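Enquirer: Take this structure, written in structure tokens, and hold onto it; I'll ask about it next.
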Amino acid sequence: MSDIEAFRCETRAWLEANCPESMRTPMPENEMVWGGSQVEFVSQDQRLWFERMRDRGWFCPDWPIEYGGSGLNAEEAAVLEAEMRRLRCRPPQINLGIWMLGPLLLEHGSEEQKRRLLPPMARGEVRWCQGFSEPNAGSDLASLRTRARLESDHFVVDGTKIWTSYGDKSDWMYALVRTDPDAPKHQGISLLLIDMHAEGVSTAPIDLIGGKSSFCQVFFDGVRVARENLVGELNAGWALAKRLLQHERRAMSKFGEISLPTHFDLLSLLREYLPEPQGRAEQALHLRAIRCRMEEHAFELTQRRMAEEMRAGQDGSDLMAIMKLVHSEQEKEKFEVLLDVLGLRALGWEESSFTDQELALTRAWLGSFAQTIAGGSSEVQLNVIAKRVLGLPEAGKGEAK
Ligand SMILES: Cc1cc2nc3c(=O)[nH]c(=O)nc-3n(C[C@H](O)[C@H](O)[C@H](O)COP(=O)(O)OP(=O)(O)OC[C@H]3O[C@@H](n4cnc5c(N)ncnc54)[C@H](O)[C@@H]3O)c2cc1C
């Protein structure tokens, strides 16, 4: 038996023995485990699964051992991913740090930063949030105004960030700040790591149409940040931000695969609510649903092919804008179809005559719009694809998130 086959057998056996049955089911949004100092579990199985994966270093299986990973090579990491998918294992924890900042630090952090920040991140002890957008800097991110003044060994930060997902529950933020207000706007930006418990940081929740607030506005009032928390060079944060956004889009394009944040199976709902289509309109709806599922399947296959190509050394970073765009637009279309299939049953809010699944679907439909904006809107993804993937000439000026 080859080494990789032996690894597959060992991994399969370990997962069979260690992933509790209840952690092999689709994960509703309220059962997502977010790592961090305030980690919460709704069941003993969740805790066990979290702790077992953490102790094996499998929150970040392909990170080097000295930074908290388990040092798997690309082939082994792919086997682990495939075996988890085969068993339908839930992700043991969700953590923006691991998805976005961690990979960036591995590439651009100093040795001291990697040793200080990565191991606690890889153990799920620190929850990170992203401080990029501001009230007047979303798509046009380089217009951000939050100031950080360098005073000997620390920065003093003043300003505000908006749409910060889970800002009120996070321990640390990776933030873009303006460190040179006189430089051209892309050149005066730095990437700074800010302790959300520091004096002068405050948060205010923002309510969403979906009925739940995951957003915050975050305010900085004379917040002191040690210089060691500057990532990369001073005023050279824009290139890092663009790289981090590639990691974000990559993670977002995988939402479907790891059952985040909505897990509604189109075809089984179709069978449940419209088992025998009557008349032309219902038959047309059936066809639309099937086309939608086929496109979803084609996306999943493309995603796997791309993962293989990247493991073989191809750089697919710029293609992540395509994957994010397609996936978020597909999800939105899926919920539009489901809305037509369920009719009024998909418009429940708090009435007792709706099932839990129907109520969850209404919220997920509303949430699907947000995914086409988060991480850069669909229009902005089209601009990125035109510029960086297709190499088309620029029609207008301005960099966009
Ligand atoms: C669910 C969710 C989670 C988020 N989480 C975070 C987070 O954790 N941290 C964070 O920093 N931000 C977060 N955001 C904010 C997100 O990054 C911004 O909303 C996004 O970049 C768009 O910026 P904006 O809202 O200011 O819209 P605007 O930039 O004002 O855009 C408004 C409209 O104009 C269009 N538009 C703008 N510029 C162009 C252009 N050049 N060409 C064509 N069309 C254009 C946009 O597509 C959009 O339709 C989140 C957003 C969502 C929805």
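The values are calculated or read from the model by the stated rules, or taken from the named source; none is laboratory data. Bear in mind the structure is a predicted one, so any value in this text is a computation, not a measurement. Neighbour counts are summed over all protein chains in view; Cβ atoms, including those assigned to glycine, are modelled from backbone coordinates with ideal geometry. These area figures cover heavy atoms from the full protein model, side chains too; ligands, DNA and RNA do not enter into them. Shrake-Rupley method; radii C 1.70, N 1.55, O 1.52, S 1.80 Å.
Enquirer: Could you pull the Rg and Dmax for segment 253-389, using just the Cα atoms, both in Å?
Expert: 16.8, 53
Enquirer: Oh, and also: For Cα pairs less than 8 Å apart in space and 6+ apart in sequence, what is the mean separation divided by the residue count of the chain, i.e. the relative contact order in percent? Don't jump to the answer; show the numbers that get you there.
Expert: Values: 636 pairs, mean separation 54.5, N = 401.
Relative contact order for the chain comes out at 14 percent.
Enquirer: Also, quick follow-up: Taking the Cα atoms of segment 196-244, what is the range of coordinates along each of the three principal axes, in descending order and whole Å?
Expert: Taking max minus min along each principal axis of the Cα atoms, segment 196-244 gives 41, 29, 13 Å.
Enquirer: Taking the Cα centre of segment 128-235 as the origin, how large is its charge dipole in debye, to the nearest 20, when only Lys and Arg (+1) and Asp and Glu (-1) carry charge on their Cβ atoms?
Expert: The dipole of segment 128-235 has a size of about 240 debye.
Enquirer: Over segment 120-176, what is the relative contact order in whole percent, taking alpha-carbon pairs under 8 Å and six or more residues apart?
Expert: On the way: 84 pairs, mean separation 26.6, N = 57.
Relative contact order of segment 120-176: 47 percent.
Enquirer: About the Cα centre, and with charges only on the beta carbon of Lys, Arg (+1) and Asp, Glu (-1), how big is the dipole of segment 1-136? Nearest 20 debye, please.
Expert: In total the dipole reaches around 260 debye.
Enquirer: Identify which of GLU125, GLU76, GLU276 has the largest mean-square fluctuation in a Gaussian network model of the chain, with springs joining Cα atoms closer than 10 Å.
Expert: GLU276
Enquirer: Return the loop-located chymotrypsin sites (Phe, Trp or Tyr not before Pro) in segment 1-98 (DSSP other than H, G, I, E, B) with at most 12 other Cβ atoms within 10 Å of their own Cβ; answer none if there are none.
Expert: For chymotrypsin sites (Phe, Trp or Tyr not before Pro) across segment 1-98 that sit outside H, G, I, E and B with at most 12 neighbouring Cβ atoms in 10 Å, the list is empty.
Enquirer: Kindly identify segment 128-235 as rounded, prolate or oblate by the Cα gyration tensor criterion: order the square roots of the eigenvalues as a ≥ b ≥ c, call it rounded if a/c is under 1.5, otherwise compare a/b with b/c, prolate if a/b is larger, else oblate. If you can, show how the numbers build up before the last one.
Expert: On the way: a/c = 2.24, a/b = 1.43, b/c = 1.56.
Cα axes put segment 128-235 in the oblate bin.
Enquirer: Would you rank LYS114, LYS242, LYS161 by solvent-accessible area, highest first, keeping every protein chain in place and using a 1.4 Å probe?
Expert: Highest to lowest solvent-accessible surface, that is LYS242, LYS114, LYS161.
Enquirer: At 1.4 Å probe size, what's the solvent-accessible area of VAL39? Round to the nearest 10 Å².
Expert: The value for VAL39 is about 50 Å².
Enquirer: Now, a different point. Farthest toward the dipole's positive end in segment 253-389, which of GLN357, LEU338, GLN381, given Cβ charges of +1 (Lys, Arg) and -1 (Asp, Glu) about the Cα centre?
Expert: Farthest towards the positive end: GLN381.
Enquirer: Evaluated at 25 °C with a viscosity of 0.890 mPa s, what Stokes-Einstein diffusion coefficient in µm²/s does segment 74-181 have when Rh comes from the Kirkwood expression over alpha-carbon pairs?
Expert: 151
Enquirer: Also: Too long at a 27 Å Cα-Cα cut-off: which of LYS114/LYS332; LYS242/LYS334; LYS114/LYS169; LYS114/LYS242; LYS242/LYS332?
Expert: LYS114/LYS332; LYS242/LYS334
Enquirer: Hey, what number do you get for the chain at 222 nm if only DSSP H runs of n ≥ 4 count, each worth -39500 (n - 2.57), divided across all residues, to the nearest 500?
Expert: Estimated from H runs of four or more residues: -13500 deg cm²/dmol.
Enquirer: Right, next: So, with a 1.4 angstrom probe, what is the percent of accessible area on the chain that is carbon and sulfur?
Expert: Values: 10080 of 19410 Å².
Answer for the chain is 52 percent, counting heavy atoms of protein chains only.
Enquirer: In addition: Label ARG288 and GLU40 with points 7 Å out from Cα along Cα→Cβ: what is the distance between them in nm?
Expert: Going from the ARG288 label point to the GLU40 one covers 3.8 nm.
Enquirer: So what does the Cα-only Debye profile of the chain read at q = 0.08, 0.10, 0.11 Å⁻¹, as log10 I(q)/I(0), no solvent term?
Expert: Cα-only, vacuum Debye calculation for the chain: -0.46, -0.73, -0.89.
Enquirer: Work out, in µm²/s and without decimals, the Stokes-Einstein translational diffusion coefficient of segment 159-304 at 4 °C, 1.567 mPa s, Rh from Kirkwood over C-alpha pairs.
Expert: Rounded, D is 67 µm²/s.
Enquirer: Quick one: work out the % antiparallel among DSSP beta bridges in the chain, nearest 5.
Expert: 80
Enquirer: R0 = 35 Å: FRET efficiency of THR302 with GLU350, Cβ-based, nearest 0.05?
Expert: For R0 = 35 Å, the calculated efficiency reads 0.35.
Enquirer: Among DSSP beta bridges whose residues both lie in segment 128-235, state the antiparallel percentage, nearest 5.
Expert: 85
Enquirer: Hey, another quick one. Taking only protein heavy atoms and a 1.4 Å probe, what accessible area per residue, in Å², does the chain have with all protein chains in place?
Expert: So the chain comes to 48 Å² accessible per residue, rounded to a whole number.
Enquirer: Something else about it: Give me the dipole magnitude in Debye, nearest 20, for the chain about the Cα centre, with unit charges on the beta carbon: positive for Lys and Arg, negative for Asp and Glu. Please list the in-between numbers first.
Expert: On the way: 48 positive and 61 negative charges, 95 e Å.
Approximately 460 debye in magnitude.
Enquirer: If I ignore ligands, DNA and RNA and count only protein heavy atoms, how much of ARG243 is accessible to a 1.4 Å probe, in Å² to the nearest 10?
Expert: For ARG243, the solvent-accessible surface is approximately 60 Å².
Enquirer: According to the square roots a ≥ b ≥ c of the eigenvalues of the Cα gyration tensor, what is the shape class of segment 1-123, taking rounded for a/c under 1.5, prolate for a/b larger than b/c otherwise, and oblate for the remainder?
Expert: Values: a/c = 2.14, a/b = 1.13, b/c = 1.90.
It comes out oblate by the Cα gyration axes.
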